[in-house]
Amino acid sequence: METKQTVLITGATSGIGKELALLFAKEQYKLVIVARNQEKLESTADELKQIGSPQVTPISCDLSVAGNAQQLYDQVKQKGIQIGILVNDAGAGEHGFFKETRLEEELAIIQLNVASLVHLTKLYLQEMVERNEGKILQLASIAAYQPTPLLAVYAATKAFVLSFTDALINELKDTNVTMTALIPGPTDTEFFVRAHAENVKATDNVDDPAVVAKVGFEALMSGKPHAVAPGMTSQIVMSSLMSNQQVAAMARKQMEEKPVVSEDDKKN
């Protein structure tokens, strides 16, 4: 019986990352799961073992800190684990006008969403190309197509991820290594709360992370370049037909706070 490859998933204890981990566990893949919270990692590891993963290695690592991606890679190597599938899921955003948001927070977001993703991709892609085997899933977003006021840095990082991924897909076309960009819309995860955006209009219509993960999983395993969440194709087409300023105006409306409804108004 062929031994399945080990999968490394960042951001694996919640949202889309956890749902992807569950899908791999059900297919009996070995897993390396990465997140910041050790308690959540241990709990998630137990859950993944119970549903079928023969081996789960939890590693606590904050990828928003420069240098930690290299430390993560080194730690996995020291354990003698070869990664056959990389899932760069971890990501974050910060809601608000750029002139008012915290610089240190946004530099950490760039480190997490861009620099650590590039770092891990570089190290594992080199190994995969050398073996001529492997798969990588990069978490992009519908925001990659939409300059997004009030979420400007996050959207820009996702545009980077999509452009970076598409360029590498072309570079890899003569190999057996594949790369896939997962493109979700607003999804029912902890993202909006962590970004201090839990009351924006975009939260009125969010996707189930399990559905988004399944789309990503199936595209990744079949080697497709893009995995587009349900309903997002029309938004991508619309964004490509409009000017950036028109798209930004549309995106801003989704990032604006919903009006506060008083208890009296609710009763009426």
*Can you name the residue in the range 220-242 that is of a type in the set (A, V, I, L, M, F, W, C) and within 19 Å of Val7 (Cα to Cα) and is also farthest from the chain's Cα centre (by Cα) among such residues?*
Met221
*Residue that is farthest from Gly91 (Cα to Cα), among those in the range 166-184 that are surrounded by 21 or more Cβ atoms within 10 Å (Cβ to Cβ) and out of contact with any His (no Cβ under 9 Å at 6 or more places or on another chain)*: Val177
_Please determine whether any residue of the range 15-23 is under 20 Å from Leu137 (Cα atoms), more than 14 Å from the chain's Cα centre (by Cα) and either modelled with pLDDT of 95 or more or not acidic (Asp, Glu) (or both)._
yes
*Restricting the first residue to the range 99-115 and requiring it to be small (Gly, Ala, Ser), which pairs with a second residue that is surrounded by 18 or more Cβ atoms within 10 Å (Cβ to Cβ) and assigned to a helix (DSSP H, G or I) meet a Cβ separation below 9 Å and a spacing of at least six or different chains?*
Ala115/Ala69
*What helices (runs of 4 or more DSSP H), lying completely within the range 1-90, carry at least 2 residues that are within 29 Å of Asn132 (Cβ to Cβ)?*
15-26, 68-78
*on the phi > 0 side of the Ramachandran plot, modelled with pLDDT of 95 or more and out of contact with any Asp or Glu (no Cβ under 8 Å at 6 or more places or on another chain), is that true of Asn170?*
no
*Can you confirm whether the range 57-71 contains a residue that is of a type in the set (S, T, N, Q) and closer than 25 Å to Ala143 by Cβ?*
yes
*Which one of Leu31, Leu86, Leu41, Leu48 is closer than 29 Å to Val211 by Cα, surrounded by 20 or more Cβ atoms within 10 Å (Cβ to Cβ), aliphatic (A, V, I, L, M) and under 14 Å from the mean Cα position of the chain (by Cα)?*
Leu86
*Which is without any contact (Cβ under 8 Å) to a residue 12 or more places away in the chain and either closer than 25 Å to Arg36 by Cβ or β-branched (Val, Ile, Thr) (or both), of Ala195, Ala156, Ala152?*
Ala156
*Is it true that some residue in the range 128-144 is of a type in the set (Ser, Thr, Tyr) and more than 20 Å from the chain's Cα centre (by Cα)?*
no
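The values are calculated or read from the model by the stated rules, or taken from the named source; none is laboratory data. Source: prediction; values computed, not measured. No Cβ is skipped: glycine too gets one built from the backbone with ideal geometry, and neighbour counts run over all protein chains shown.
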